[in-house]
Amino acid sequence: MEHLVLTDSKTKLLIVEIDDAFRRHLAERLRAENFKIYEACQDTEARQILQRKIIDVVLLGSCEFKQGGLMLLKDIKELKPLTEVILMTPADGPSLFASIQAMKLGAFDDLHIPFDMNQLIERITAARQKKSERENAKKTTIQDKPQGSDARE
């Protein structure tokens, strides 16, 4: 089955997940779908990657919620406001309240583990598309601003 992946460049993903086996397996599967993958097992490592690399979408594991995941989400949105964040939460994971708080902080989506890989890829593609649209809108806004401090409408 073919998956829609934007062809202008590989979508750059950061997977933040404490569970090494799950993170590595997910990274391997997504690399096979032609995504550029970065991995982090803790929030400090994730912040370093975000400062050094251009990241389109962050897959944030729910284990991070036990160790300040909402704070990491907030930091991601402050550091890279256009980067989209998809939460990966197990059915017995964070409460609905935590999920709502994450959405208020700017999370793009919340997928429950186990999830279907096709569904994950569709959500990543949609998140990347949203980021691209927001980048284009920002460029247009910057280009449309009048030049000079004395410009009047």
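Some points to look at:
- Residues in the stretch 34-55 that are touching a helix residue (DSSP H, G or I) at 6+ places or on another chain (Cβ under 6 Å) and at pLDDT 95 or above: 37, 38, 39, 40, 50.
- The lone exception for residue 106 - which of (1) surrounded by fewer than 16 Cβ atoms within 10 Å (Cβ to Cβ); (2) more than 11 Å from the chain's Cα centre (by Cα); (3) under 23 Å from residue 54 (Cα atoms) it fails: (2)
The values are calculated or read from the model by the stated rules, or taken from the named source; none is laboratory data. Note that this is a predicted model, so its numbers are computed, not measured. We place every Cβ from the backbone using ideal geometry, glycine too, and count neighbours over all the protein chains shown.
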